[in-house]
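Chemist: I'd like to ask some things about the structure below.
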Amino acid sequence: MNNPLRLSQIAGYCPEIVIWKMVSDLCDAIQGKESGSRLITPDTIVVDGDMFYITPSDSVDSIFLPPEYAEGAAVLPSHQVWMIGAAIYYASSNRILFGGHGSRYQRECPNVRLPALQKVHQMITPVMQRCLQYDPSKRIESKELKTVAQREWERCRREPRPQTELPNEVIRITPHDQKWPEAMITL
């Protein structure tokens with residue numbers, strides 16, 4: 001790894017294309033033998049260059065775990081899909097689900113309204129909400145999630161990026177001052 005960053009370091013700075021790439025890579029990781037049972041949290045998601053990985057962790061913040069995990073369930077693909085949904089929300093907004101109460105709140109109030117993302121990430125909201133379904137059998141499956149993420153990532157790559165007029169003082173940014181993702185990832 002060159003200069004890996006954790007999702008917790010870049011949350012809130014991720015444009016749509018980066019989030020779709022993250023989802024696609026995480027789906028690949030949970031379908032692989034090595035990462036198939038790993039927990040997915042902002043501290044276990046690492047980006048290196050243009051690839052996202054899941055790393056092992058000894059400590060895991062329970063607010064990023066699915067509601068059924070509290071009952072001591074083994075980590076299943078449907079649980080990891082929920083965690084990907086929580087990661088989407090966090091990467092997009094730099095906020096934790098349900099006002100920082102995470103899945104505990106969803107467990108206590110299973111019919112709670114699922115969060116929506118800001119306008120910039122509106123295209124991601126329906127997919128994220130399918131990941132965050134309280135009932136694991138109603139969540140999107142990881143293979144379908146991978147297909148959707150790959151398709152949307154390709155769409156984002158083909159779309160022309162809007163050009164904005166920036167004042168001269170904004171243009172004069174040194175590489176040290178640049179923020180994610182422009183200075184750290186090329187997609």
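What follows draws every value from the coordinates through simple rules; no lab data is involved. Computed from a predicted model, the values in this text were never measured in an experiment. Methodologically, a virtual Cβ is constructed for each residue, glycine included, from the backbone with ideal geometry; neighbour enumeration extends over all protein chains shown.
Chemist: From a point 7 Å beyond the Cα of Asp50 in the direction of its Cβ, which residues of the range 125-148 have a backbone N at a distance under 14 Å?
Modeler: Hits in the range 125-148 for Asp50 at 14 Å: none.
Chemist: Per 0.36 nm of contour for each residue apart, how much would the distance between Arg104 and Ser62 grow if the chain were fully extended, relative to their Cα-Cα spacing?
Modeler: 14.3 nm
Chemist: Give, in nm to one decimal, the length gained when the segment between Ser8 and Glu141 is fully stretched (0.36 nm per residue of separation minus the Cα-Cα distance).
Modeler: 45.4 nm
Chemist: Within the range 5-156, what is the number of lysine pairs with alpha carbons under 18 Å apart, leaving out pairs fewer than eight places apart on the same chain?
Modeler: Step by step, the pairs that qualify in the range 5-156 add up to 5.
Chemist: Could you grab the relative contact order for the range 35-154? Cα pairs under 8 Å, six or more apart, rounded to a whole percent.
Modeler: In percent, rounded to a whole number, it is 24.
Chemist: How high is the FRET efficiency between Ala116 and Glu154 when r is their beta carbon distance and R₀ equals 25 Å, given to the nearest 0.05?
Modeler: With R0 = 25 Å, the Cβ-Cβ based efficiency is 0.55.
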